[in-house]
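Inspection log for the structure reproduced underneath, given as structure tokens.
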Amino acid sequence: FDNEYQWFYEGRNGWWKYDDRTSQEIESRHKTGEKLFELLIAGFLYIIDLENMIQYRRNDRSRKRRIKRDLISIPDVKGVAGLKFD
Ligand code: V3L
């Protein structure tokens, strides 16, 4: 079932889940086949590149993070959008 899939971005030693709104936005763009688009995340514009499966800030491209679409139940998820799981 589709709801079991979520979008994740890379942290130092694991993956962070995108906030729900952003995850759903990426999912719907993914479904319509969009490969490169901008999203406002936590007050900053990010480029989401689904061809190379990376994200980076539009006006600071030095930090490119890997992203992935995976099951919600994967291990090594640190938390949601910077908010740590206990
Ligand atoms: N959603 C929320 N915050 C983000 C996102 C995103 N998709 N992308 C970057 N940031 P950069 P550890 C991350 C934050 O790439 O210990 C985590 O959420 C990013 O936050 O140059 O290394 C944690 O809060 C960072 O604070 O745009 O695993 C934090 O890093 C800031 O934007 C530490 O995670 C600059 O990242």
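The table that follows gives values for the structure above.
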| item | result |
| --- | --- |
| Residue check for Ile67: out of contact with any Ser or Thr (no Cβ under 8 Å at 6 or more places or on another chain), within 26 Å of Asp86 (Cβ to Cβ), away from the ligand (no atom under 14 Å from the Cβ) and touching a residue at least 12 places away in the same chain (Cβ under 8 Å) | no |
| Residue tally, condition under 23 Å from Gly43 (Cα atoms), charged (D, E, K, R) and surrounded by fewer than 14 Cβ atoms within 10 Å (Cβ to Cβ), over the range 67-85 | 2 |
| Only listed residue being within 9 Å of the ligand (Cβ to nearest atom), under 11 Å from the mean Cα position of the chain (by Cα) and of a type in the set (Asp, Glu), chosen from Asp19, Asp60, Asp49 | Asp19 |
| Residue that is nearest to Phe8 (Cα to Cα) [pool: residues in the range 63-82 that are of a type outside the set (Lys, Arg) and at pLDDT 95 or above] | Ile67 |
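The values are calculated or read from the model by the stated rules, or taken from the named source; none is laboratory data. Small disclaimer: the values here were computed from a predicted structure and weren't measured. Heads up, the Cβs are rebuilt from the backbone with ideal geometry, glycines too, and the neighbour counts pull from every protein chain shown.
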